[in-house]
Structures are given as structure tokens and as C-alpha cells.
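Here's the structure, in C-alpha cells; my notes come after.
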Amino acid sequence: MLGDWRAERRRWFAEHGVPVDFELHARDFLAGRGRPGGRNPLKIERYRMAQSALELLGAQSALTITTAWTVHPAGWRAAKGAAYRGLLRSLDRLLDRSGEHGALIVDGDGSDAMYEEAHTEVRPARVPRPAVQVPAHVSDWLQMADLVAHTAFQAIARQESRRALWGWYSRYFPKAPAPERC
């Protein structure tokens with residue numbers, strides 16, 4: 001799978017000038033922010049690149065897509081914690097059904113205590129350790145996950161300026177459960 005992702009990124013470079021090591025943050029990339037490789041691909045090019053990557057991810061039979069979301073009156077940080085706790089519970093149930101154990105890697109620099117606090121609170125039996133925080137620019141896996149998460153977000157938030165993205169999650173991940181509200 002990782003080899004296919006890297007081949008896709010090499011194709012982006014050959015066809016669109018987007019460097020293979022360009023850190024893909026879907027929100028910024030799809031909005032046209034940043035100049036990967038010194039150029040600014042047209043919105044339609046960016047959309048096509050993202051759709052091609054989503055098609056690749058959606059075709060992976062060994063990949064299980066799980067997304068979680070919530071809103072919280074106390075704001076974004078509280079919502080992030082609640083969604084992460086919900087994700088831990090959901091993953092623990094999924095892993096229990098399959099008899100497997102899991103490990104989580106999240107985008108971060110190691111300074112966010114929320115992940116360890118949530119892990120201590122939830123105590124997921126099938127996820128024995130708190131999430132490891134790794135900067136996204138060093139992890140293709142995190143960049144893939146960011147693209148999936150952004151499409152799930154657009155399916156829920158339905159931002160008018162991103163209308164074209166509203167159906168991407170269901171189109172590219174038809175076997176995945178809908179984003180779970182925690």
C-alpha cells in the first residue's frame with residue numbers, strides 16, 4: 001500500500017510538479033493554499049489529484065476506515081478530546097471483534113497530553129499504549145489519514161465553498177461506516 005501511495009505521489013510530481021515530499025494537508029491543499037514545488041496547481045488539478053489518491057485508498061481491501069466526530073459547547077479542544085475518546089472506544093470494539101490489537105499514530109510534536117489522558121480514561125484493552133505523536137511531514141500514513149479525515153469532515157460540515165467534496169467520503173469509501181458521532 002505504501003508503495004502505491006508513493007507511486008501516486010511520484011505521478012503528482014511528474015504531471016503537476018508537486019514534490020513527493022510536499023506535506024499534504026488536505027484542507028490547505030484543496031483550498032489552493034501553498035505553492036507545492038513553487039507552482040500553484042489549479043483547483044481542478046488539486047481536486048483530481050486528491051480524488052486519485054482517495055481512489056487508491058478506497059481500493060485497499062486491507063484498509064479499514066474509521067472516522068469519529070462531535071461538537072462541544074466548550075469549543076474545538078473539548079470536541080477534539082471527545083471525538084478521540086469516541087474513536088478509541090470504536091477502535092477497541094472493532095479490534096475486539098477481530099481478535100487483534102492496534103497502535104495509533106497521530107499528527108503532533110509530542111506536546112499534546114490529551115492523547116495520553118484520553119487513553120488513561122478510556123483504557124482500551126485492544127490498544128495497549130497511548131497514541132504516538134509524529135509530525136505529519138515525516139509520515140505518509142498521517143497524510144493519507146488527513147485526506148480521509150478531511151473528506152469525512154466535508155461530508156458532515158457541508159461547507160458551501162467545498163460543495164464538490166461533500167460526496168467524496170461515500171463515493172471513495174462506500175464500504176466504510178459513516179463518520180461516527182461521539
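Quick rundown of the values:
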quantity: Enumeration of residues in the stretch 103-130 that are small (Gly, Ala, Ser), surrounded by 14 or more Cβ atoms within 10 Å (Cβ to Cβ) and more than 16 Å from residue 182 (Cβ to Cβ); calculated: 108
quantity: Members of the stretch 113-150 found to be among the hydroxyl-bearing types (Ser, Thr, Tyr), part of a helix (DSSP H, G or I) and either closer than 13 Å to residue 23 by Cβ or out of contact with any strand residue (DSSP E or B) (no Cβ under 8 Å at 6 or more places or on another chain) (or both), listed by number; calculated: 120
quantity: Filter result (within 19 Å of residue 57 (Cβ to Cβ) and either without any contact (Cβ under 8 Å) to a residue 40 or more places away in the chain or crowded, with 20+ Cβ neighbours inside 10 Å (or both)) within the stretch 150-165; calculated: 150, 151, 152, 154, 155, 165
quantity: Residue among 48, 77, 123, 85 that is basic (Lys, Arg) and more than 18 Å from the chain's Cα centre (by Cα); calculated: 123
quantity: Scope the stretch 21-48; condition touching a His at 6+ places or on another chain (Cβ under 6 Å) and more than 20 Å from residue 159 (Cβ to Cβ); matching residues; calculated: 23, 41, 45
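Bear in mind these aren't lab numbers, they're just calculated from the coordinates by the rules spelled out. Everything numeric here is computed off the predicted structure, so don't read it as measured data. Because the Cβ atoms are built from the backbone with ideal geometry, glycine has one as well, and the counts that use them run over all protein chains shown.
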